[in-house]
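Working notes, structure below.
The values are calculated or read from the model by the stated rules, or taken from the named source; none is laboratory data. Bear in mind the structure is a predicted one, so any value in this text is a computation, not a measurement. Every residue, glycine as well, gets a Cβ built from its backbone with ideal geometry; the counts of neighbours run over all protein chains shown. Side chains are part of the model used for accessible areas, which takes the heavy atoms of the whole protein and leaves out ligands, DNA and RNA. Shrake-Rupley method; radii C 1.70, N 1.55, O 1.52, S 1.80 Å.
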Amino acid sequence: MNEVVRNIEGVTRLDAAIIGAGVAGLYQLYQLRNMGMKVRAYDAASDVGGTWYWNRYPGARFDSEAYIYQYLFSEELYKGWSWSERFPGQPEIERWMHYVADSLDLRKDIQLDTRIISARYNEDTRRWLIRTEDGETIDAQFLITCCGMLSAPLSEIFPGQNSFKGRIFHTARWPHEPIELEGKKVGVIGIGATGIQVIQTIADKVGELTVFVRTPQFVLPMKNPKFNESDVKAYKDRFAELKKTLPHTFTGFEYDFLYTWAALTPERRREVLEEIHHNGSLKLWLASFAEMFFDEAVSEEISEFVREKMRARLKDPELCDILIPKDYGFGTHRVPLETNYLEVYHRPNVKAVSVKDNPIVEIVPEGVKTADGVVHELDVIILATGFDAGTGALTRIDIQGRDGRSLKQDWGKDIRTTYGMQVYGYPNLFMTGAPLAPSAALCNMTTCLQQQTEWISDCIRYIRDKGVAVIEPTAELEESWVRHHDETANATLISKTNSWYTGSNVPGKPRRVLSYTGGVGTYRRKCAEVAENGYHGFALTE
Ligand code: NA7
């Protein structure tokens, strides 16, 4: 690392400690190190990559086009890596993360296999005292969490899980060694973006596949052409253009909402929907008609268009009933891309079991038991049951701010942040991928995480240059951000749908749309304005 910093008591003394060595953590480390700071990133994983280290389940891949899921701060870094297809799979993405860490020579400042379990703000020293699971203590002026929006798996959710005779895996804790599924009776619980990727990938490999479906899911077909040399050259030649546009679109993708529903005839609307659907990307969701997020009638018409597409492929009325959503609007939670996913249900070895009115009650030694008393016998259970999004990664660490306040307790009552990057009562704590910022929900993660880490670096540079020791948002500023966030979010249909977007997937979690819905470009502008105004609304203490 940049200097050996452990003192005689064995405490590691740093300017900044970063939790996480994924997309955000790597870039944050790079920036702070370039600013001459003593900084180190810690990660519980055995290698870098964050989400792309953990999510190694069968079929894991991008839903963002590879050439936009990129770092844009360095043309050399961007052009030094060539993607093999439009939406590559996890192994290739993980290799890319290694390429980034190695190219930027980051590994010497990353401590792997190290789980941070607590962080306490010491009001006397005005520094954070951070503890690892192995008993190491780190003393740092700044604590920056780059833990990921979707990194706290919901893996212990059914009674009796430990009694299961077979093997049970959460998708985000998929083992590194190959898992033998051939000929096995496999159950998948969950059909979010993850479950869908698993199901379509393993259906023709397993003996029998039982899919437990609670809430049906709108899906869009993915078109995933392989890239040849000229495709790669073509996207690399667009580097300057992408660098210019991505940060300012509504979702950090290369496309933006192009059409206004009210301005088009019904025939033209249909043409547009067909054309965009044919694109095989998330465009129908993120670049068609913004009205779908606000206007119930538009939402219903677009939902019906997608239902029609699904019906045409599913054919069987019973499958349509189990798998096609009826009671929420298209795009009001994460829309997954898929490849032959719906067709999988026509295979003789695949069965969809609706657990909407007949919930899973427990896991028994033989398999999954539903409320009707039926035991679905299985050899392997795959939990594609999602995450405690946004908050979970941080509330699973014992973070204590000023006056002994606990983030777990605070967020257990009300999830609040200032611009998604700081929290009142937690001085010199910076966050990325946290609630009340655009991360994860309506955002291409690399776009959002680059913006946040750059804002944090600029902020730290500013206060260091000014001789300021501590920065913390005032209660008033936080309140105004929370109010603005809520007003924006509550105007959308997203706020009315149950999903991890609103925290409703975790029992007892306070309901709030987790991600900022005002748009990535707008969010960036608002963050920039605060910085330009000398961090007005933040308390700066020398
Ligand atoms: P999601 O999108 O939260 O999906 C979790 C799935 O698991 C969803 O279908 C849930 O049904 C289902 N689930 C959860 N608990 C249960 C129980 N008890 N019984 C039956 N089904 C259950 O997680 P993903 O990992 O797919 O995706 C998360 C994000 O990662 C994704 O949005 C991308 O951004 C990447 P429910 O809908 O709650 O009825």
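Here the strands (runs of 3 or more DSSP E) wholly within the range 90-198 that include at least 1 residues being in contact (Cβ under 8 Å) with a residue 60 or more places away in the chain, under 14 Å from Thr385 (Cβ atoms) and within 12 Å of the ligand (Cβ to nearest atom) are 167-170, 185-189.
Restricting attention to the range 304-338, which residues are outside any helix (DSSP H, G or I) and farther than 28 Å from Ala489 by Cα?
Result: Lys315, Asp316.
Contact map, the range 396-410: residues that are among the hydroxyl-bearing types (Ser, Thr, Tyr) paired with residues that are open to solvent by 10 Å² or more (accessible area, probe 1.4 Å), Cβ distance under 6 Å, separation 6+ or inter-chain. Pairs shown: Ser406/Gln400. Can you find, within the range 201-218, the residue that is farthest from the ligand (Cβ to nearest atom) among those that are polar (S, T, N, Q) and in a loop (DSSP other than H, G, I, E, B)? Going through the qualifying residues, I end up with Gln217.
Restricting attention to the range 376-390, the residues that are more than 14 Å from the ligand (Cβ to nearest atom) and either among the basic types (Lys, Arg) or open to solvent by 10 Å² or more (accessible area, probe 1.4 Å) (or both) total 3. In the range 339-375, the qualifying residues are those that are over 20 Å from Ile168 (Cα atoms), in contact (Cβ under 8 Å) with a residue 60 or more places away in the chain and within 12 Å of the ligand (Cβ to nearest atom), and the one that is most open to solvent (accessible area, probe 1.4 Å) is Lys356.
Please tell me if Ser163 is more than 28 Å from the chain's Cα centre (by Cα), modelled with pLDDT of 95 or more and small (Gly, Ala, Ser).
yes
Against the list (1) assigned to a helix (DSSP H, G or I); (2) open to solvent by 20 Å² or more (accessible area, probe 1.4 Å), the condition Tyr523 fails is (2).
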